[in-house]
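**Student:** Got a structure for you, written out below as structure tokens; questions coming shortly.
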Amino acid sequence: MKEIEELDLPGDIYYTKDHEWARKEGETVKIGISDYAQDQMGDIVFVELPETGSVFMKGEEFGTLESVKAVSEVYAPLSGEVIAVNSELENSPELLNEEPYSNWIIEMRPSDENQYDELLNRDDYLEMIRG
Amino acid sequence: MIQGPGTSGLILNEPLLWEKGKKGRSAFSMVEQDVPEAELAAGLAGGAPFFPDLGELDVVRHYTRLSQWNFGIDSGLYPLGSCTMKYNPKINEKMAATPGISSAHPMLEESLCQGVLQLLFELQDFLASITGMDAVSLQPAAGAQGEMTAMLMFAACFKKRGERRDKILIPDTAHGTNPASAALCGFSSVPLMSGADGVLSAASVAEKMDESTAGIMLTNPNTLGLFEENIRAITDIVHQKGGLVYGDGANMNAVMGMVDFKRCGVDAMHLNLHKTFSTPHGGGGPGAGPVCVVAELEPFLPVPRAVKKGQGYGLSFGSTDSIGRVHAFFGNFSVLVRAYSYIMSMGPANLKKASQLAVLNAVYVRERLRDTLALAYEKPSMHECVFSDKKQHKWKVTTLDMAKRLIDHGFHPPTIYFPLVVPGAIMIEPTETECKDDLDQFVVVFKDIVREAESDGERLRQAPTRTKVRRLDETRAARKPCLTG
């Protein structure tokens, strides 16, 4: 497993306490899991995605990731509607381990832009991991 | 290298049965044909399945060799946490093989199977008195089915009361079967976080418990091996809101004869006979997961149950409130016989002592390994202890690597990566049936493995190296499973 110094944590995205990331792309947002999350989970072997059009509240579970160690839920960083899912992950779940930031899980249209303010930036997230 | 029981002996290869044999071989003699041959009606005949022709010795060697690749409690220490892999005394097998018991047909008239009915009746009674509960069904075939049976009873009870409750509280240390059983009965699970000390606080339950919540599913001791000491306060809160309390009996081996679950406020619980009551476990199953309830829930129990009828015994088909059958006839009967044999041969005092020794053994391992591995919780633990691989991170050695290396030394690894609340968890449950010498050997080997983590980490990452097959690619097995022979 990686030391904290070895983690890749880009500065241009938002993070959550549950180790998801959110990247604002105009009016929509792409969501994935952080390098720390994929490293802690180990080899991911199965990804369960929501259906396009589903609506989730901030903090609500939108899918599950199964690794060789455990099954983990992924939670919506913001409230909104799912407008796309990365179905490539269904056949190649390892992409989340290999490139956690270019391989997003879902794309949402947030219903409340103010919720971005409640997310963590890189430094806050790093501090949280350091505990 | 310090020597555990494991060595590298000669292991005999063995192909699949379908790759063995020769046309014409046979393991029995056909009786001579004494009726005229007749043509099979058209439409009944079809292609025959492919079965290999094998001699008796082919078959005997095949299964003997496969058994030699296996590892079981009869081969060595099997400290799989939360599984209670205790030794299964051979007297249980002898009793289950008694002809009057093993050949009793489940549809015999009551008058012709009084002994069997007496055994079922008394086992219900024993399990009620061991748990402190009022009534028992022996039908469920496994722990998870016991959980589901109890959840069906909770649902039936609320329906009878005319209440709508669609949620249930489940702590984050619970077995995954708990939320699954609840979901099958229409309850959505509300997760409860355990506190920093590894147990539930009454306040966290009070915060979530309301009139639309069916109750709580609680394992005590919990899967961290810690006693839920706030159980009385927690069950009071649940009852005040009209809810019911389910006790998961997975860890009963820590508290036989020590804890009265009814007085703790538990309304229904299951027992794993294949854990606590020494019946075969895992691949050697089948299991049994009897459900014990308080009097209020008795009308909802599955039927039939064994009852006293006059001077003898009979079956009761209960009230119309019963949830019905959850298994054909009486459950996995031959498993019930083994548990009965265990309880009868131990007696109340020794059952209690078994639990005390199970706790003592686990605490001994915990204290001897506490400087070697990172202890997850400082709180006094019961029949199992949970460590993590935190201290080994700096050498890039994980829980998985250490577990695999234990195999090289001839030990079955403990439970790893569970419970989920401890990252890199190593959960050790030695059970009461291991003697101090064997525990000492395990501890010495584990300490040696940790020294090796620092000096030769690669050796651990390659482990196991002395087994018939080397480390399996678990990731590939999960991503690209090959499910045919």
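The values are calculated or read from the model by the stated rules, or taken from the named source; none is laboratory data. None of the values given here were measured: they were computed from a predicted structure. Glycine also receives a Cβ, built like all others from the backbone with ideal geometry; neighbour counts cover every protein chain displayed.
**Student:** Quick check, is B:Y377 more than 14 Å from chain A (Cβ to nearest Cβ) and either under 28 Å from A:E73 (Cβ atoms) or in contact with a helix residue (DSSP H, G or I) (Cβ under 6 Å, 6 or more places away or on another chain) (or both)?
**Tutor:** Considered against the rule, which asks whether it is more than 14 Å from chain A (Cβ to nearest Cβ) and either under 28 Å from A:E73 (Cβ atoms) or in contact with a helix residue (DSSP H, G or I) (Cβ under 6 Å, 6 or more places away or on another chain) (or both), B:Y377 comes out as yes.
**Student:** Could you name every one of the helices (runs of 4 or more DSSP H) located completely within segment B:427-485 that has at least 3 residues being surrounded by 17 or more Cβ atoms within 10 Å (Cβ to Cβ) and more than 14 Å from every other protein chain (Cβ to nearest Cβ)?
**Tutor:** Qualifying helices (runs of 4 or more DSSP H): B:436-455.
**Student:** Name every residue in segment A:1-19 that is without any contact (Cβ under 8 Å) to a residue 60 or more places away in the chain and either within 13 Å of chain B (Cβ to nearest Cβ) or surrounded by 14 or more Cβ atoms within 10 Å (Cβ to Cβ) (or both), in order of residue number.
**Tutor:** The answer is A:M1, A:K2, A:E3, A:E5, A:E6, A:D18, A:H19.
**Student:** Same structure, new question: Between B:P304, B:P286, B:P299, which is in contact with a Leu (Cβ under 6 Å, 6 or more places away or on another chain) and either modelled with pLDDT under 95 or in the same structural domain as B:D125 (by TED's automatic domain parsing) (or both)?
**Tutor:** B:P304
**Student:** Still on this structure: Could you look through segment B:375-417, keep only residues that are aromatic (F, W, Y) and closer than 24 Å to B:L357 by Cβ, and pick out the one that is surrounded by the fewest Cβ atoms within 10 Å (Cβ to Cβ)?
**Tutor:** Ranking the candidates gives B:Y377 first.
**Student:** How many residues, within segment A:57-66, are more than 12 Å from the chain's Cα centre (by Cα) and within 12 Å of another protein chain (Cβ to nearest Cβ)?
**Tutor:** 1
**Student:** Can you tell me which residue is farthest from the chain's Cα centre (by Cα) among those in segment B:316-330 that are crowded, with 16+ Cβ neighbours inside 10 Å and modelled with pLDDT of 95 or more?
**Tutor:** Step by step, filter segment B:316-330, then rank; the result is B:S322.
Yes/no per residue for (1) away from chain A (no Cβ under 14 Å); (2) closer than 21 Å to B:P464 by Cα:
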residue	(1), (2)
B:A362	yes, no
B:R370	yes, no
B:S381	yes, no
B:K396	no, yes
B:H409	yes, yes
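**Student:** Right, next: Any idea which residue in segment A:67-98 is farthest from the other protein chains (Cβ to nearest Cβ), counting only those that are in a strand (DSSP E or B) and modelled with pLDDT of 95 or more?
**Tutor:** This residue is A:I83.
**Student:** Working only within segment A:1-26, note down all residues that are over 11 Å from the mean Cα position of the chain (by Cα) and outside any helix (DSSP H, G or I).
**Tutor:** Hits for segment A:1-26 are A:M1, A:K2, A:E3, A:L7, A:D8, A:L9, A:P10, A:G11, A:D12, A:K24, A:E25, A:G26.
**Student:** So, one more: Name every residue in segment A:29-49 that is within 14 Å of chain B (Cβ to nearest Cβ), over 13 Å from A:V74 (Cβ atoms) and in a strand (DSSP E or B), in order of residue number.
**Tutor:** A:V45
**Student:** Does B:P106 fit the bill of being outside any helix (DSSP H, G or I) and crowded, with 22+ Cβ neighbours inside 10 Å?
**Tutor:** Considered against the rule, which asks whether it is outside any helix (DSSP H, G or I) and crowded, with 22+ Cβ neighbours inside 10 Å, B:P106 comes out as no.
**Student:** Name the residue that is nearest to B:D437 (Cα to Cα), counting only residues in segment B:47-94 that are of a type in the set (G, A, S) and assigned to a loop (DSSP other than H, G, I, E, B).
**Tutor:** B:G76
**Student:** Please verify whether segment B:226-242 includes one or more residues that are under 24 Å from the mean Cα position of the chain (by Cα) and either in a helix (DSSP H, G or I) or modelled with pLDDT under 95 (or both).
**Tutor:** yes
**Student:** For segment A:106-129, does any single residue satisfy the condition of being surrounded by 14 or more Cβ atoms within 10 Å (Cβ to Cβ), basic (K, R) and within 12 Å of chain B (Cβ to nearest Cβ)?
**Tutor:** no
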